[in-house]
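Scroll down for the structure; my scribbles are underneath it.
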Amino acid sequence: MKILTKDWVIGESLNFQDYLKVGGYKALRKVLKKMKSTEVVAELKKSKLQGRGGAGFSLGSKWEIVATKKCDQKYFICNLDESEPGNFKDKSLGENSPHQILEGMIIGAYAVGASKAFLYINGTFAMAGQKIEQAIEDCYQNNLLGKNILASKFDLELEIFYGAGAYICGEESALINSLEGKRGEPRLKPPYPCDSGLFRKPTVVNNAETLANVAWIIENGAVEFAKIGKPDSPGTKLFSVDGAVERPGLYELTMDNTIEQIIRTAGGVKEGFEIQFIQVGGSSGRIVPRFLLSEIPSYSRGAVIPIGSGAILAVSANEDLKKILLSWINFFQRESCGKCVPCREGTFRLKSIIERLVSGDFDQNDRQDLHKLIWTLDNTTFCPLGKFSVVALKDVIRYKMIKEF
Amino acid sequence: MTIQEILLQHEPEKKNILPAIKAINQNLSWVSEEAIGKIARYFGESEAYIFSVASFYDEINFNKPALLTLEICDGANCQIKDSDNIIKNVETFFKIKVDSFNNQFVLKRMSCVGRCLEGPVVKINGTIYTKMTTDKVIELIQNYLGY
Ligand SMILES: Cc1cc2nc3c(=O)[nH]c(=O)nc-3n(C[C@H](O)[C@H](O)[C@H](O)COP(=O)(O)O)c2cc1C
Ligand code: SF4
Ligand code: FES
């Protein structure tokens, strides 16, 4: 069962004509001709579609909050900043099917009453950016953006905005600051973007993959969507699978697959290799040891393995875990935005401890500091990045994977 | 294009500050003190403000560009494809340290750029190269430096 990639042709991008041929913009037509904005919101709420950017917040509930705000100006933002290491799903969506994202954005903007939309894209995604720019132009030329879209009363301006290399700008409030021409630091929450977002106006921020589901739900109905996957985590998910598997790649699977099944879809464990562990969700994702491979990663509350962004990295027994630890902490130390002390200093200290671990100089003091630092990063940082930096490390300790700890 | 010409392509609204900084960085390969001053005047902000925004992002350069900037992805996916060894080998071969700067050659680690399947990934003067090995990287560098 595929929703997002069903019309993809490997190595080719669905341009405007291709997208129309596979039924593109039918959902938007239906929405503008036959549905009130409240009906669109209700339908998506009923579908139980959850955000694919990591946290899994209900898209319908988010739209409802913004839709019910009385305000002269609201904004709609698509988050395509994707920079969690090991992820390439939003980038692939942008390259292969840019209109699918745009259609979701236009429907979303109509549903919440936004007249201005932005697509914030990772600055290194040159190819995806080019495809999206072309798609936006095609929309303007075909009355799918601009004034009186499809002869309705709905107007929408949509712009692409390129990031400049900062992981934290994927966090919605940092993204908003970046769009406003400020340093891309996160804001204190509350207020949430739904209440006070871009230029302090009510703003929806949704991940690109989340939005790519919207047209399908409008066309096929929320009931059909809710039947796919798990009842409390419905739909399909894009998995960026890499590492010790036979066929690394991007896979779309329903959300009731175990990690084992996901690995099998990617051709199974690479011949001659043995799995040490699987990491689910990129560098900020949980570690799945072999005895948990039959778990289903999902957005369900209390899931043993949260699905996060859906990166799956199969690490073989040949790999030196200490070096992978260093790769994780190097990333977080470099990407810490520097706004709060526990994260700015903590990731730095953690990095030097892990460096000593790699070089064999790890001692008792490091061990004590390590545990203190983990606690601090886990509990006292301003935004979730600090917490993210120790998710995998905590699992490494939990599963006693490094004897020095 | 001159700094002023690039600036004039952007309406002086706050949301165009980063696009303007990026455009200058791309066209001139770096953002000089002079550029910061001009951007500040154009957008009606202080130089400190413009610098604080520009310096936030990895992409923006504040040093006259070295002849060669080599960035090697150290994301976990590239790491298990041996990017770490490439870094070490480049360090030894060119007698340079990661994150050290000289005006000839800058070597940096970079974060994942989503090309993991084609890893290890490196960037040389802004251009991405995939499926790298130590030998290929050294050859590329030598080509760039005109050896
Ligand atoms: C440090 C950090 C990085 C994030 N990076 C991204 C990202 O690259 N892409 C994304 O869609 N969401 C990212 N998020 C989540 C966003 O803040 C936000 O929850 C999401 O864009 C909402 O969209 P969704 O509900 O459709 O998932 C990040 C969050 C944090 C804390
Ligand atoms: S936790 Fe890190 S990324 Fe988040 S605000 Fe603090 S310094 Fe910035
Ligand atoms: S980890 Fe190197 S490109 Fe993704």
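When we screen A:Val9, A:Val41 for residues that are of a type in the set (Val, Ile, Thr) and not in a loop (DSSP other than H, G, I, E, B), the only hit is A:Val41. For the structure I just gave you, tell me whether B:Phe56 is assigned to a loop (DSSP other than H, G, I, E, B), within 30 Å of A:Phe332 (Cβ to Cβ), within 14 Å of chain A (Cβ to nearest Cβ) and in contact with a Gly (Cβ under 8 Å, 6 or more places away or on another chain). Taking the combined requirement at face value, the residue satisfies it. Residue check: is B:Asp58 acidic (Asp, Glu), surrounded by 22 or more Cβ atoms within 10 Å (Cβ to Cβ) and at negative phi? Judged against the criteria, B:Asp58 is not a match. Count of the stretch A:152-170 residues, restricted to those that are of a type outside the set (A, V, I, L, M, F, W, C), more than 9 Å from chain B (Cβ to nearest Cβ) and within 19 Å of the chain's Cα centre (by Cα), is 1. For the stretch A:171-200, filtering for residues that are within 13 Å of chain B (Cβ to nearest Cβ), surrounded by fewer than 24 Cβ atoms within 10 Å (Cβ to Cβ) and within 17 Å of A:Ile65 (Cα to Cα) leaves 1.
Look through the stretch A:312-340, keep the residues that are more than 11 Å from chain B (Cβ to nearest Cβ) and out of contact with any helix residue (DSSP H, G or I) (no Cβ under 6 Å at 6 or more places or on another chain), and return whichever of them is nearest to ligand 1 (Cβ to nearest atom). The extreme case among them is A:Cys340.
Restricting the stretch A:78-97 to residues that are within 16 Å of the chain's Cα centre (by Cα) and away from every other protein chain (no Cβ under 12 Å), which is nearest to ligand 1 (Cβ to nearest atom)? This residue is A:Asn79. Which pairs have Cβ atoms under 6 Å, sit 6 or more apart or on different chains, and link a residue in the stretch A:355-366 that is closer than 10 Å to A:Lys322 by Cβ to one that is of a type in the set (Lys, Arg)? Cβ pairs passing all conditions: A:Leu357/A:Lys322; A:Val358/A:Lys322; A:Phe362/A:Arg356. Taken together, the residues in the stretch B:105-129 that are more than 14 Å from B:Ser83 (Cα to Cα) and away from ligand 3 (no atom under 11 Å from the Cβ) amount to 6. Within the stretch A:128-141, not a single residue is out of contact with any Leu (no Cβ under 8 Å at 6 or more places or on another chain), hydrophobic (A, V, I, L, M, F, W, C) and without any contact (Cβ under 8 Å) to a residue 60 or more places away in the chain.
When we screen A:Ala208, A:Ala164 for residues that are surrounded by 24 or more Cβ atoms within 10 Å (Cβ to Cβ), touching a Leu at 6+ places or on another chain (Cβ under 7 Å) and not polar (S, T, N, Q), the only hit is A:Ala208.
Residues that are within 13 Å of chain B (Cβ to nearest Cβ) and either surrounded by fewer than 18 Cβ atoms within 10 Å (Cβ to Cβ) or touching a residue at least 40 places away in the same chain (Cβ under 8 Å) (or both) within the stretch A:247-265 comprise A:Arg247, A:Gly249, A:Leu250, listed in sequence order. Condition check for A:Glu404 on (1) within 16 Å of ligand 2 (Cβ to nearest atom); (2) more than 14 Å from chain B (Cβ to nearest Cβ): one failure, at (1).
Of the set (1) at pLDDT 95 or above; (2) in a helix (DSSP H, G or I); (3) among the hydrophobic types (A, V, I, L, M, F, W, C), all apply to B:Val113 but (2).
Yes or no: A:Lys62 in a helix (DSSP H, G or I), surrounded by 20 or more Cβ atoms within 10 Å (Cβ to Cβ) and within 14 Å of chain B (Cβ to nearest Cβ)? So A:Lys62 fails the test. Based on what the data block shows, is B:Ile6 buried (at least 20 other Cβ atoms within 10 Å of the Cβ), within 14 Å of chain A (Cβ to nearest Cβ) and either farther than 24 Å from A:Lys91 by Cβ or β-branched (Val, Ile, Thr) (or both)? Against the criterion (buried (at least 20 other Cβ atoms within 10 Å of the Cβ), within 14 Å of chain A (Cβ to nearest Cβ) and either farther than 24 Å from A:Lys91 by Cβ or β-branched (Val, Ile, Thr) (or both)), B:Ile6 does not qualify.
On the stretch given as the stretch A:300-326, residues that are free of Cβ contacts under 8 Å to residues at least 24 places away in the same chain and under 15 Å from A:Val288 (Cβ atoms) total 2. Considering the stretch B:102-147, the residues that are within 14 Å of another protein chain (Cβ to nearest Cβ) and among the basic types (Lys, Arg) include one that is surrounded by the most Cβ atoms within 10 Å (Cβ to Cβ), namely B:Arg115.
Scanning the stretch B:73-120 for residues that are among the hydroxyl-bearing types (Ser, Thr, Tyr) and more than 15 Å from B:Val137 (Cα to Cα) yields a total of 2. On the given criteria, is A:Ser309 more than 16 Å from ligand 3 (Cβ to nearest atom), within 14 Å of another protein chain (Cβ to nearest Cβ) and surrounded by 14 or more Cβ atoms within 10 Å (Cβ to Cβ)? No. Of the residues A:Leu377, A:Leu393, the single one that is in contact with a Pro (Cβ under 8 Å, 6 or more places away or on another chain), in a helix (DSSP H, G or I), surrounded by 19 or more Cβ atoms within 10 Å (Cβ to Cβ) and modelled with pLDDT of 95 or more is A:Leu377.
The values are calculated or read from the model by the stated rules, or taken from the named source; none is laboratory data. Keep in mind that this is a model prediction, so the values were computed, not measured. Neighbour counts are summed over all protein chains in view; Cβ atoms, including those assigned to glycine, are modelled from backbone coordinates with ideal geometry.
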